[in-house]
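To start, the structure itself, in structure tokens.
Bear in mind that the values in this text are calculations on the coordinates, not laboratory data. This is a predicted model, so every value here is computed, not measured. When we count neighbours, we look across all protein chains shown, and the Cβ atoms used for this are built from the backbone with ideal geometry, even at glycine.
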Amino acid sequence: MRAQFVFHEVWIGLRRNLTMTIALVVVVAISLSLLGTGLLFVKQVDSTRTFWQSRVQLSVYLCTTSDLYGNCKQNGAVTPAEIQSIKQQLTSNKDVTSATFVSAKANYTLFRQEFASNPVEKYALPDQIPASFEIRLRNTQADADPVSEVVDGYPGVSDVVNDSTILDQFYKLLDGARNAVVVIAIFLLVAAIMLVANTIRLSAFNRRRETSIMRLVGASNFYVQLPFLVEGMIAGLLGWLVSTGLLVLVKSLLLDSLQQYFPYGISLSTADLIEVVIVAMIIGLLICGITSFLTLRRYLRV
Amino acid sequence: MIHFDNVTKTYPNQGRPALENVSLDVEKGEFVFLVGPSGSGKSTFLRLVLKEERPSSGRIHVAGRDLARLTNWNVPHLRRRIGCVFQDFRLLPNKNVYQNIAFALEVIGKPRQFIRKVAPEVIDLVGLEGKRDRMPDELSGGEQQRVAMARAFVNRPMILLADEPTGNIDPATSIGIMKVLDRINRTGTTVVMATHDAAIVDSMRKRVIELEYGKVVRDQSRGVYGQAY
């Protein structure tokens, strides 16, 4: 096997077919980056879900002096007696695993930490941040509504927030984006397959003189076909390289910047990105390799 | 070396067979002319020897191998023992004389050292000394055919098939081509040449096999082109 010969042939093939090769690289790059983006979205949703499952599921915010919610307006800030009574209500409920009281001061500190990078942080005053009960439920989906009904409107309770409803919108957004991206990616991958087939066919046609002589002098099938196969794979690899760059951008610009709207650190790790990039490479190589191989079987028969 | 046993070849969608019940033997080191009008089956005969086509019936042995038993995988190895020359030369226009010849060895995986040694030898053999760096379009038809013969012979095949090698070449130059073929034949290589060129066949006085409508109508040692009867 003479690697130099094969790579020389590959180089000639890629150069003679330059426009086709560029088109192929671009389409492979875009389809792989869209596919990768879809995978990153899936991972983002997964990691967000896991994150939230281990966190608070219901927050019961208590009245402050400056609270304007109907329930608080007349009664002013929550009193220690009301706090006790609310705690009683919650802990006696069998759907509640735990109900932790967080003082207004503690919440303010927490708020300042979590919104450290957000301009909102500067405008919040200590007395605007309410004390709260952070409740964990036995069963997030089913118990959220009954439990929130129990304490909603209770004296001293300003508002009950079901965290999962906020997240549902986030999930919906990500799921929708993921579906759209994956559908487009599949269309593009089909286009990529046809482009690979055409590129290889054109390449085989361009070099029909060479290949006919190769067959005549007894070059093995492997030797005749390898340059074309490598050609398809190299185009695939180039497309994958470009897509890797695009995926890094998608992660750092799109997904990581989404995090600023959600004050909890659930950005994807580099390991997640690498995993997606590797999956994209395998898919790219498989698509280019298999398509080239099948095309060659058709157009380069011995 | 080449053994046809009752070989018939019918192409799909064609009524008359291209070859019909052909039986013949070509021995090692022989020089054979294959003559006959266009469509008489000469090219089919050569294609069958190369296993580019399969016979519809009958058996073919080439270089001791039964072609029916030869797997596709092994066809390239058969072809390495057979050199081919065509009317239209089939040189690579973007490679010079040396590169065209070296290409035939590169693609069967021969080491560069070996190629550097044998390619110049074969260039000398066909009489192209000093023209190794010329491009095909800088050569005359006769010279291009010499390059093609050098390429066919560089791997020292046991059989050389020539399909009208002088078809595009003027008679004076053809004599030179025939001398090279004769020289190749003298190294022990079996030569089978399909041709229309009566003058050449008559002057060489070698074995002549005449085909007509796919049948062998004459097989004559030291024959001539025209009818002997």
Work out the charge dipole of the range A:56-163 with +1 on the Cβ of Lys and Arg and -1 on the Cβ of Asp and Glu about the Cα centre, then indicate which of A:Val102, A:Gly76, A:Ser59 is farthest towards its positive end.
A:Val102
Can you give me the C-alpha center-to-center distance between the range B:89-136 and the range A:178-209, rounded to a whole angstrom?
37
Binning at 5 angstrom from zero up to the longest distance, how are the C-alpha pair distances of the range A:142-197 distributed in percent?
4, 15, 13, 12, 10, 9, 8, 7, 6, 5, 5, 4, 2, 1, 0
Zero-based 10 Å bins, Cα pair distances in the range B:1-112, whole percents
12, 38, 33, 15, 2
No partner Cβ under 4.7 angstrom, meaning no disulfide-compatible partner by this rule: which Cys of chain A qualify?
A:Cys288
C-alpha center-to-center spacing [the range A:122-154, the range B:190-205] in angstrom
103
Can you give the net charge of the other residues whose Cβ lies under 9 Å from the Cβ of B:Thr44, counting K and R as +1 and D and E as -1?
+2
Given just the C-alpha atoms of chain B, how large is their convex hull per residue in cubic angstrom?
125
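To the nearest 500 deg cm²/dmol, what mean residue ellipticity at 222 nm is calculated for chain A from DSSP H runs of n ≥ 4 alone, each contributing -39,500 (n - 2.57), summed and divided by the residues? Working shown, then result.
Details: 11 runs with 206 residues, N = 302.
That comes out to -23000 deg cm²/dmol.
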Cα gyration tensor shape of the protein assembly as shown, rounded if a/c is under 1.5, else prolate or oblate by comparing a/b with b/c:
prolate
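Hey, got the average number of other protein chain Cβ atoms within 10 angstrom for residues in B:68-79?
Numbers: counts 0, 0, 0, 0, 3, 4, 1, 5, 12, 2, 1, 7.
Taking all residues of B:68-79 together, the mean is 3.
Where does chain B land at 222 nm, in deg cm²/dmol rounded to the nearest 500, when only DSSP H runs of n ≥ 4 count, each adding -39500 (n - 2.57), divided by all residues?
Numbers: 7 runs with 73 residues, N = 229.
My calculation for chain B gives -9500 deg cm²/dmol from helical runs alone.
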Would you mind estimating how fast the range A:56-163 diffuses translationally, via Stokes-Einstein at 4 °C and 1.567 mPa s with the Kirkwood radius over Cα pairs, in µm²/s?
91
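Dipole size in debye (nearest 20) for the range A:164-291 around its Cα centre, Lys and Arg Cβ +1, Asp and Glu Cβ -1? Provide the component values of the computation, followed by the final result.
Details: 8 positive and 7 negative charges, 139 e Å.
My answer is approximately 660 debye.
Given the pairs A:Lys94/A:Lys122; B:Lys28/B:Lys117; B:Lys95/B:Lys117; B:Lys42/B:Lys206; B:Lys28/B:Lys51, which are separated by over 29 angstrom at their Cα positions? Mind dumping the intermediate values first?
Numbers: A:Lys94/A:Lys122 40 Å; B:Lys28/B:Lys117 27 Å; B:Lys95/B:Lys117 19 Å; B:Lys42/B:Lys206 17 Å; B:Lys28/B:Lys51 19 Å.
Correct reply: A:Lys94/A:Lys122.
Nearest 0.05, what FRET efficiency do A:Ser269 and B:Phe114 give at R0 = 41 Å with Cβ-Cβ as r? Mind showing how you got there, number by number?
Values: r = 54 Å, r/R0 = 1.33.
For A:Ser269 and B:Phe114, the calculated efficiency is 0.15.
Take the alpha carbon gyration tensor of chain A, find the square roots of its eigenvalues, order them as a ≥ b ≥ c, and report rounded if a/c is under 1.5; if not, report prolate when a/b exceeds b/c, else oblate. Provide the component values of the computation, followed by the final result.
Working: a/c = 4.77, a/b = 3.71, b/c = 1.29.
Verdict is prolate for chain A.
Given Cβ point charges of +1 (Lys, Arg) and -1 (Asp, Glu) and nothing else, what value in debye, to the nearest 20, does the dipole of the range B:59-165 about its Cα centre take?
620
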If you restrict to DSSP beta bridges whose two residues both lie in the protein assembly as shown, what percentage is antiparallel, to the nearest 5?
65
Taking the 0 to 90 degree range and rounding to the nearest ten, how far is the long axis of helix A:3-16 tilted relative to the main principal axis of chain A, both from C-alpha atoms?
80
Treating only the Cβ of Lys, Arg, Asp and Glu as charged (+1, +1, -1, -1), what charge dipole size does the protein assembly as shown show about its Cα centre? Round to the nearest 20 debye.
2820
Taking the Cα atoms only, what angle lies between the long axis of helix B:112-125 and the longest principal axis of chain B, rounded to 10 degrees?
70
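Using Cα pairs under 8 angstrom and six or more residues apart, how large is the relative contact order of the range A:56-163, in percent? Spell out each step's value before the answer.
Numbers: 189 pairs, mean separation 54.6, N = 108.
Contact order relative to length: 51 percent.
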